[in-house]
Amino acid sequence: MRTLEQTTQEVLDLASKHFKVPAGSLAPEDDFFKKLGIDSLQTLEMLSRLENHFGIELPDYEVQGVSDFRTLAARIQSRL
Amino acid sequence: MKSFTGKALRWEWRDGVIELTLDREPANEIGLAMLGELEQFVAAIGALVPETSACIIYSERRHGFSAGADLRELYQTAAQLTEKERLSGVRAFLGRIHAVFNAIDAAPFTTIAAVHGVCFGGGFELALTCDIVVADKMARFAFPELRLGLIPGFGGIPRLKRDLGNAFIRDLLLTGRSVNATRAHAAGLVAQIAAEGEVLRIARATTAQIVKFDAVTSAAAKKFIKPIPHEELCREIDLFCELFARPTVMAALKKFVESTDAMPYLP
């Protein structure tokens, strides 16, 4: 079972890799919309990547209003 | 006509297979331009039937198969009309959409939707007219219409009910959430999952198998197993128009059109 810290780090690594942001430049408290500059369609891409990576389903309404990596990781953690 | 290039789509016939490529910026929204060219496609099918075994519907747009109905066009058109004109206009539009979708649904050859990225609302409903759905593992499916105070109007509910039954529809419809290709595959909606960027190749490999069969037998098998739910489709149009008449719908459309939210398809 992953810890929340591990899940958060995996979310950061995945976002960094997919959106081609230098590893280590993202922090748990960062606003990922601002930091990654993603639009609504890219948000869906990220959701799919997270679901595929963690092998979970994460309904859109659970991440609606979430903008920082730490909270996003906590939503994922509750479904692992 | 064995090939066509329009403003919203193009098609090409080759060796018994038609490839219909949706290609309208930004994400293949289905409005009057797309509908007009889909009507041309359906009109051209008749002449191609004797030498066609399969058809692939695919999107050239990076973000996906189709984001659904062109809500900006719908709102901007509707906003200029009286309530009575608005209702008759939307009913006429739905009548044309249903005629096209029913023709694709009943086409006497095997149809494959090769889906990647977003496959939402009307785009999802277009995919549901096909016999087989092949999906990129990053594809997402949703019926977000309830956020506008509407139901899907392009035949989605009756077709998904025909293909899968009621429970999966209720989950999608009543929550508005999107589901990924893995979930859609588990539910039976998606026949095959492709690796990222491989969906067209997988669809082509499938048609290469399909064309080996006698086309008359395949068409007879399809007609036997895939009835068009005409009665429910007509009721869907009535219900859609009934809901569309409410002022809340125009307010919701306005909110969507002006939205900059990350998930504008949710309320």
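The values are calculated or read from the model by the stated rules, or taken from the named source; none is laboratory data. All values reported here derive from a predicted model rather than from experimental measurement. Quick reminder, even Gly has a Cβ in these numbers, built from the backbone with ideal geometry, and neighbours come from all protein chains shown.
Tabulated results
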{"quantity": "So residue A:51, is it surrounded by 15 or more Cβ atoms within 10 Å (Cβ to Cβ), under 30 Å from residue B:258 (Cβ atoms) and over 12 Å from the mean Cα position of the chain (by Cα)", "calculated": "no"}
{"quantity": "Any hit, the range B:35-43, residues being at pLDDT below 95, at negative phi and either out of contact with any helix residue (DSSP H, G or I) (no Cβ under 8 Å at 6 or more places or on another chain) or surrounded by fewer than 20 Cβ atoms within 10 Å (Cβ to Cβ) (or both)", "calculated": "no"}
{"quantity": "Some residue of the range B:177-198 being within 27 Å of residue B:252 (Cα to Cα), in contact with a Pro (Cβ under 8 Å, 6 or more places away or on another chain), in a helix (DSSP H, G or I) and within 14 Å of chain A (Cβ to nearest Cβ)", "calculated": "no"}
{"quantity": "Scope the range B:2-36; condition in a loop (DSSP other than H, G, I, E, B), away from every other protein chain (no Cβ under 14 Å), under 16 Å from the mean Cα position of the chain (by Cα) and not hydrophobic (A, V, I, L, M, F, W, C); matching residues", "calculated": "B:23, B:24, B:31"}
{"quantity": "Any hit, the range B:222-234, residues being aromatic (Phe, Trp, Tyr) and over 16 Å from residue B:83 (Cα atoms)", "calculated": "yes"}
{"quantity": "Enumeration of residues in the range A:43-80 that are more than 7 Å from chain B (Cβ to nearest Cβ), free of Cβ contacts under 8 Å to residues at least 12 places away in the same chain and in a helix (DSSP H, G or I)", "calculated": "A:71"}
{"quantity": "Any pair with Cβ under 6 angstrom, 6 or more apart, that starts in the range A:1-25 at a residue that is surrounded by 12 or more Cβ atoms within 10 Å (Cβ to Cβ) and ends at one that is aromatic (Phe, Trp, Tyr)", "calculated": "A:11/A:69; A:12/A:69"}
{"quantity": "Selection status of residue A:37, within 14 Å of chain B (Cβ to nearest Cβ) and closer than 26 Å to residue B:173 by Cα", "calculated": "no"}
{"quantity": "The range B:106-164, residues that are part of a helix (DSSP H, G or I), within 14 Å of chain A (Cβ to nearest Cβ), under 29 Å from residue B:209 (Cβ atoms) and of a type in the set (A, V, I, L, M, F, W, C)", "calculated": "B:124"}
{"quantity": "Subset of the range B:18-54 [polar (S, T, N, Q) and within 18 Å of residue B:101 (Cα to Cα)]", "calculated": "B:21, B:28, B:40"}
{"quantity": "Matching residues, the range B:41-95, being touching a residue at least 12 places away in the same chain (Cβ under 8 Å), of a type in the set (Lys, Arg) and farther than 24 Å from residue A:44 by Cα", "calculated": "B:86, B:91"}
{"quantity": "Qualifying residue in the range B:79-96 (condition: under 23 Å from residue B:112 (Cβ atoms) and assigned to a helix (DSSP H, G or I))", "calculated": "no"}
{"quantity": "Residues of the range B:45-68 satisfying the condition of being surrounded by 15 or more Cβ atoms within 10 Å (Cβ to Cβ), outside any loop (DSSP other than H, G, I, E, B) and modelled with pLDDT under 95", "calculated": "B:45, B:48"}
{"quantity": "Residues of the range A:20-61 that turn out to be in contact with a Leu (Cβ under 9 Å, 6 or more places away or on another chain), at pLDDT 90 or above and not aliphatic (A, V, I, L, M), as a count", "calculated": "9"}
{"quantity": "Test set (1) of a type outside the set (Val, Ile, Thr); (2) over 18 Å from the mean Cα position of the chain (by Cα); (3) over 23 Å from residue B:57 (Cβ atoms) - residue B:234 fails condition number", "calculated": "(2)"}
{"quantity": "Residue B:169 vs. criteria assigned to a helix (DSSP H, G or I), away from chain A (no Cβ under 14 Å) and either farther than 22 Å from residue B:137 by Cα or in contact (Cβ under 8 Å) with a residue 12 or more places away in the chain (or both)", "calculated": "yes"}
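Here's the yes/no breakdown for (1) closer than 22 Å to residue B:181 by Cα; (2) more than 11 Å from the chain's Cα centre (by Cα):
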{"site": "A:5", "(1), (2)": "no, yes"}
{"site": "A:10", "(1), (2)": "yes, no"}
{"site": "A:33", "(1), (2)": "no, no"}
{"site": "A:45", "(1), (2)": "yes, no"}
{"site": "A:56", "(1), (2)": "yes, yes"}
{"site": "A:72", "(1), (2)": "yes, no"}
